[in-house]
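Have a look at the structure below, then the notes.
The values are calculated or read from the model by the stated rules, or taken from the named source; none is laboratory data. What you see is a predicted model; the values in this text were computed from it and never measured. Note that each Cβ is placed from the backbone with ideal geometry, even for glycine, and that neighbours are counted across all protein chains shown. SASA here: full protein model, heavy atoms, side chains in, ligands and nucleic acids out. Shrake-Rupley method; radii C 1.70, N 1.55, O 1.52, S 1.80 Å.
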Amino acid sequence: MSTLADRFVPHPHFASAHEAVIPAPAQAVWAAIQEFDRTGGFKNVRAVRALVAVRRLLGRLRNRGGTYEDMPTLSVPLAEDPPREVVHGIVGQWWTMGGAANRTDVVGAEAFLAFAEPNHAKAVFVLKLTESPDGRRTKVVTETRVVCTDPEARRAMGRYWLVIRPFSGLTRRLMLGELRKRAAA
């Protein structure tokens with residue numbers, strides 16, 4: 001089944017997915033996602049704040065005090081199909097651990113699709129909702145897809161992915177738990 005995410009990263013170099021079934025209709029889950037985004041998203045989940053703080057500290061140590069903002073959670077909306085799917089995207093060099101800021105000049109779907117500068121990666125974060133036939137439960141799938149602009153970036157991202165993937169997965173599971181709480185409320 002084709003998704004909105006396929007438009008932006010159809011063949012990722014790196015990907016992960018996590019899912020949860022939330023005991024609420026899709027509209028309630030969609031509303032919880034919208035509220036989650038309006039209130040700061042990941043930044044308000046305590047355990048996620050701790051993971052982000054550790055990553056920033058490691059980045060500062062690695063880059064001798066650099067203050068670049070390169071957290072992959074700072075994405076921009078690319079597309080949505082309420083209440084079924086939302087896609088956010090970001091371009092950066094996260095393997096530098098703060099040594100290079102995200103590309104804030106890449107805003108919007110067309111700019112994201114067109115971006116091809118060497119030694120960068122493009123990532124999408126996707127939320128897909130599928131409501132059960134009885135309308136009482138919604139399966140929510142989070143998906144992260146990353147495509148690199150050249151072989152050098154792919155090698156660097158590969159090394160970074162080996163380290164960060166478990167923590168990225170934990171972040172997604174925490175986010176799904178938060179969505180479950182908000183949608184059930």
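Of note:
- Top-ranked residue of the stretch 65-87 - restricted to ones that are at pLDDT 65 or above and not in a strand (DSSP E or B), ranked as farthest from GLN34 (Cα to Cα): SER75
- Note on the stretch 121-174: residues that are assigned to a helix (DSSP H, G or I), more than 15 Å from the chain's Cα centre (by Cα) and among the basic types (Lys, Arg) amount to 3.
- Residue check for VAL124: over 14 Å from PHE14 (Cα atoms), buried (at least 22 other Cβ atoms within 10 Å of the Cβ) and modelled with pLDDT of 85 or more: no
- Residue within the stretch 88-106 that is outside any loop (DSSP other than H, G, I, E, B), among the charged types (D, E, K, R) and open to solvent by 20 Å² or more (accessible area, probe 1.4 Å) present: no
- Pick from the stretch 1-21, criterion open to solvent by 60 Å² or more (accessible area, probe 1.4 Å) and charged (D, E, K, R), ranking: farthest from GLU131 (Cα to Cα): ARG7
- In the stretch 142-177, residue most open to solvent (accessible area, probe 1.4 Å) [restricted to those that are touching a His at 6+ places or on another chain (Cβ under 7 Å) and either at pLDDT below 90 or closer than 22 Å to GLU19 by Cα (or both)]: ARG173
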